[in-house]
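Working notes, beginning with the structure itself.
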Amino acid sequence: MKNFKRNTLICDFIEAAICLIMAFVLLMIYTGCSEDAGQSPVAHEGGYTEEQGVYALVGQGGNVYPKLLKMRSDESGMAGDPQNVKGSSFAKKGTPVVVYELDSLTLVGTGRTFVDTVYNDNGQFAFEKLSLNSPYVLIEIKDSCTAYEGWRRGLWSDSTYPMSYEVPCNYDSLEALGGALPSSCGITDTTKYPVPLGALVDLRKYKEISVNSLTYMKIPLVKKYVGEGMNFAAASKKAESEILEGYGIYEDLGNFESLESVNGDLSYVLHMVFRMMRRGSPFEVGLSDDMEFFYGVSPAAVAALGESAEQYYLNTLKSLEYEIAYFAHVKGYGQCTESRENETHSVMDQSGNEWFGLFVSSASIVCRSKKWVQGWKKIDFESGSMVDNRDGKTYKTVTYNWGGVTQTWMAQSLNYVDTASAGADSALKSNLLGKTKCDNGDPTCEIYGRFYMWHAAMNLGMSDLNLTSALLRDIVYEDEDDEGTEIWDTVAVEKVCLAADRNDSTKYEYCSGESETGECMARDTARSVFEYCRFKYESCRLDYSAFTRQSGRVVHQGVCPDGWRIPNKEDWELLAENVSKQGAILGDAGGSGFGYMDLTTMYFVDGETPELRMDYKKVGPGFASVPDVNDAREFAYVFYVSGKFSTGSSSEYYYGNIGFDDLYRDVYVRCIKN
């Protein structure tokens, strides 16, 4: 500004009006006659000539990833490697760091450079005093590694950097190899590949600078926009916006060079970019397994495992949000806007196979609150709550109107077991005693609800069922080519079986063969009375008097509170049909309001590579249902699979019957309002 200041001294000798005109003319000359300072070809914002100064440069080279977010070795396609990749990937200690001074107007190098090295394992470097004629510098970190080393450091693993070169491993090559078969069919590539880390920054803006993969991507874009007439700050923001939009992200996540920003949301973007590079294909970001697993986890169940498990879970979900955004961008779905709320798209991999299998056979992403997220359509429902007066517990409810037919369901599974209360029905006390339990991963039943043996959920003792059984007595053959005719007897189930305890492991001796006169000719030993009964009475017929149809439907209260009942076949089918018809699924609580989990055990491994694990069944314990008179086995309990309810058994052998062990099956209870 020295020349400009000397010229303005003329103001002491000239009329004020003339002074202002001259100042304006000179200002226009120094700004390139631009009418808009924001579009000035001058690179910096603080003035319009080079600014000499001494700057301190402190920074970190490498990509920061969210803490408690594992990098799995299986992503690299190198199965069997003993170590999982973990943590952030920083430039190695001793790596050269080069600072290039840039011209303030053109961002072209002035020829002045400064060199130092990374001084610790966290990729940190520092220049205490840089005497510069311009505050704009290009920082390059000359990191490199072999493909294998880079993979171990969490940098990449794709065809760009071959791990090894294939060599012949057949018998013809043995002579050339000295007659010994090599321990490996490949030779490790020792070529050093560059790790692209660089940043173009205004040293006046940052006290600490992050040099990472995103800042490296910015460099050519910033130069391009400055060359087109933008000032440095505007060019920098435009470059960041363009890069993020290339990944389907339409929000400002902070400056790429800011350590504060990189340690925030940008760390999740860097993790997503990392995974994409390792996958080697922009269409396979790695959503498959993690989406099925992490969106099938109850947040309350994770929180119960401790702070580390919860943070790991939340970090993974956030990382998946950005991967979904990128997936939507690659597929051409465009930006999720307010006008596209509830729009859904199927999620399929390149082979046409579904990426999910936990709840449905076809998965989707949905536009919700201006973001693409994993989910299905949101249907109309009314959320509410109810109180079980027997023990004071409160449950969420959901109400649907299916074209004039209203259903109100519990949106949580029942957790009633207070058999000691004065108001508890005496029969219910007896039927629940020892017949209900919590999931192993939910010791208080507060997360998933309670498991009930089916007959306990129905509030029926075994002796109340008046069970009979169809037993195969003989097979009659008319001739040697005849397939035979089965002759069945219907007999009452033995009293010992009506009192059988599923958990009793006492061995039980029984008669396994009788003469025509009823004399026992052979004896055998079962592991327990229950095992004996379940094999002998494989197919049972219930006394349906407890489930008499009223007004065309079965109404049975079971273990449900007053005013509520166990759902019947028509209830379940009406729910499933209408939810599916509208493009939603019951497992997606945000879309259907119903929501449920079929997990059995969950645990968290908090080691060098943290991991959330759960033992679950894709078709879990199911829900209690009132048995259908014509098809008891099918609708004594139900599973929700592929958009409909079923137990999967339609065998003619079981038609109208129910297996003895089905009466003891563990089920959840979702009551429906009368």
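Some notes on this structure:
- Candidates 665, 613 - the one that is of a type in the set (Lys, Arg), at pLDDT below 85, more than 29 Å from residue 403 (Cβ to Cβ) and assigned by TED's automatic domain parsing to the domain that holds residue 434: 613
- Filter pass, residue 164 being modelled with pLDDT of 70 or more, more than 30 Å from residue 99 (Cα to Cα), surrounded by fewer than 21 Cβ atoms within 10 Å (Cβ to Cβ) and assigned by TED's automatic domain parsing to the domain that holds residue 104: yes
- The one condition in (1) at pLDDT 85 or above; (2) touching a strand residue (DSSP E or B) at 6+ places or on another chain (Cβ under 7 Å); (3) surrounded by fewer than 18 Cβ atoms within 10 Å (Cβ to Cβ); (4) not basic (Lys, Arg) that residue 212 fails to fulfil: (3)
- Of 583, 595, 590, 620, all but one fail to be in a helix (DSSP H, G or I) and either surrounded by 14 or more Cβ atoms within 10 Å (Cβ to Cβ) or at pLDDT 75 or above (or both); the exception is 590.
- Residue within region 511-521 that is touching a Ser or Thr at 6+ places or on another chain (Cβ under 7 Å), in contact (Cβ under 8 Å) with a residue 12 or more places away in the chain and not assigned by TED's automatic domain parsing to the domain that holds residue 663 present: no
- Residue 427 falls short on exactly one of the conditions (1) at pLDDT below 85; (2) assigned to a helix (DSSP H, G or I); (3) in the same structural domain as residue 530 (by TED's automatic domain parsing), and that condition is (3).
- When we screen 386, 453, 458 for residues that are in contact (Cβ under 8 Å) with a residue 24 or more places away in the chain, more than 22 Å from residue 622 (Cβ to Cβ) and not small (Gly, Ala, Ser), the only hit is 386.
- Every residue from region 392-411 that is in a loop (DSSP other than H, G, I, E, B), free of Cβ contacts under 8 Å to residues at least 60 places away in the same chain and surrounded by 16 or more Cβ atoms within 10 Å (Cβ to Cβ): 393
- When restricted to residues that are surrounded by 10 or more Cβ atoms within 10 Å (Cβ to Cβ) and either among the hydroxyl-bearing types (Ser, Thr, Tyr) or not in a strand (DSSP E or B) (or both), region 470-489 contains 4.
- Those residues of region 215-263 which are modelled with pLDDT under 95 and among the β-branched types (Val, Ile, Thr), in sequence order: 262
- Considering each residue of region 147-159 in turn, at least one proves to be of a type in the set (Phe, Trp, Tyr), within 36 Å of the chain's Cα centre (by Cα), modelled with pLDDT under 85 and in a helix (DSSP H, G or I).
- Residue match in region 84-92 (condition: over 19 Å from residue 271 (Cβ atoms) and either crowded, with 17+ Cβ neighbours inside 10 Å or modelled with pLDDT of 95 or more (or both)): yes
- Residue match in region 457-469 (condition: surrounded by fewer than 21 Cβ atoms within 10 Å (Cβ to Cβ), assigned to a strand (DSSP E or B) and of a type outside the set (D, E, K, R)): yes
- Just one of the numbered conditions (1) out of contact with any strand residue (DSSP E or B) (no Cβ under 7 Å at 6 or more places or on another chain); (2) under 21 Å from residue 576 (Cα atoms) is not true of residue 407: (1).
The values are calculated or read from the model by the stated rules, or taken from the named source; none is laboratory data. Computed from a predicted model, the values in this text were never measured in an experiment. Every residue, glycine as well, gets a Cβ built from its backbone with ideal geometry; the counts of neighbours run over all protein chains shown.
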